[in-house]
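Read the structure below first, then the notes.
The values are calculated or read from the model by the stated rules, or taken from the named source; none is laboratory data. Fair warning: this is a prediction, and the values are worked out from it, not measured in the lab. When we count neighbours, we look across all protein chains shown, and the Cβ atoms used for this are built from the backbone with ideal geometry, even at glycine.
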Amino acid sequence: MIYFDLDGVIRDLCKVTPYYPQKWDSTFGGLTLVEYFNKYKHLLIEAPATEYFSTIEKYFAEEITIITSQQKGWEIFAEKWLEIYFIDTKVNIIYDTEKLYLLKNNDFLVEDYPKYNDYSQIVLIDRPYNREVVSPYLRIHSPQELEIFFKRSMNE
């Protein structure tokens with residue numbers, strides 16, 4: 001099974017901020033990304049989809065399972081955003097900060113988070129803030145590369 005992270009993979013929070021973080025813990029005006037969205041929660045709904053969204057939707061148009069770590073108070077905004085973008089899709093949302101234990105053998109998580117201890121089942125969406133991650137299962141640089149992974153995974 002293929003699972004998806006929400007932010008950075010499907011929803012592009014960085015596009016509604018005044019900066020694009022080069023490091024995971026970068027700040028702008030003294031605020032981390034989390035602090036920024038705690039201050040401007042409405043932007044959690046206004047954020048556009050990532051460049052990977054249409055590829056993901058193409059292959060998971062009927063049902064998608066998202067494992068997301070959301071801050072307290074962000075959940076309702078995530079659900080509203082997903083209702084806008086996945087209109088006719090069954091969306092299963094699992095809110096969990098520790099995602100890896102949910103994966104079984106042969107499962108993958110499409111993710112952008114740079115601080116896991118194990119990346120053997122992570123299909124990593126390449127972002128400036130995760131370039132220090134070594135040895136993910138696969139590092140994705142474009143929607144075309146993600147599509148190749150989907151095709152290969154679904155044929156196995």
query: Could you give every pair whose Cβ atoms fall below 7 Å, whose first residue belongs to the range 16-27 and is within 21 Å of Glu46 (Cβ to Cβ), and whose second residue is acidic (Asp, Glu) and at pLDDT 80 or above, counting only separations of at least 6 or pairs across chains?
result: Val16/Glu46
- request: Would you point out which residue out of Leu82, Leu103 is surrounded by 17 or more Cβ atoms within 10 Å (Cβ to Cβ), within 20 Å of Cys14 (Cβ to Cβ) and out of contact with any Lys or Arg (no Cβ under 6 Å at 6 or more places or on another chain)?
  value: Leu82
- prompt: Residue check, Val123 against (1) at pLDDT 95 or above; (2) within 15 Å of the chain's Cα centre (by Cα); (3) part of a loop (DSSP other than H, G, I, E, B), all met but one. Which one?
  reply: (3)
message: Residues that are in contact (Cβ under 8 Å) with a residue 60 or more places away in the chain and farther than 27 Å from Glu35 by Cα: does the range 96-103 have at least one?
response: yes
Residue check for Glu98: within 23 Å of Ile148 (Cα to Cα), modelled with pLDDT under 95 and loosely packed, with under 12 Cβ neighbours inside 10 Å: no
Residue identified as at pLDDT 95 or above, on the phi < 0 side of the Ramachandran plot and among the aliphatic types (A, V, I, L, M) among Ile67, Ile56: Ile56
task: Filter the range 15-53 down to residues that are within 16 Å of Tyr129 (Cβ to Cβ), outside any loop (DSSP other than H, G, I, E, B), at pLDDT 90 or above and within 17 Å of the chain's Cα centre (by Cα), then give me how many there are.
output: 2
task: For the range 15-42, name all the residues that are β-branched (Val, Ile, Thr) and surrounded by 13 or more Cβ atoms within 10 Å (Cβ to Cβ).
output: Val16, Thr17, Thr27, Thr32
query: Across the range 53-72, which residue is surrounded by the most Cβ atoms within 10 Å (Cβ to Cβ) among those that are under 21 Å from Asn38 (Cα atoms) and not hydroxyl-bearing (Ser, Thr, Tyr)?
result: Ile67
task: Scan the range 71-117 for residues that are basic (Lys, Arg) and outside any loop (DSSP other than H, G, I, E, B) and report the count.
output: 2
- line: By residue number, the members of the range 1-14 that are surrounded by 13 or more Cβ atoms within 10 Å (Cβ to Cβ) and assigned to a loop (DSSP other than H, G, I, E, B) are Asp5, Leu6, Gly8, Val9, Ile10, Asp12
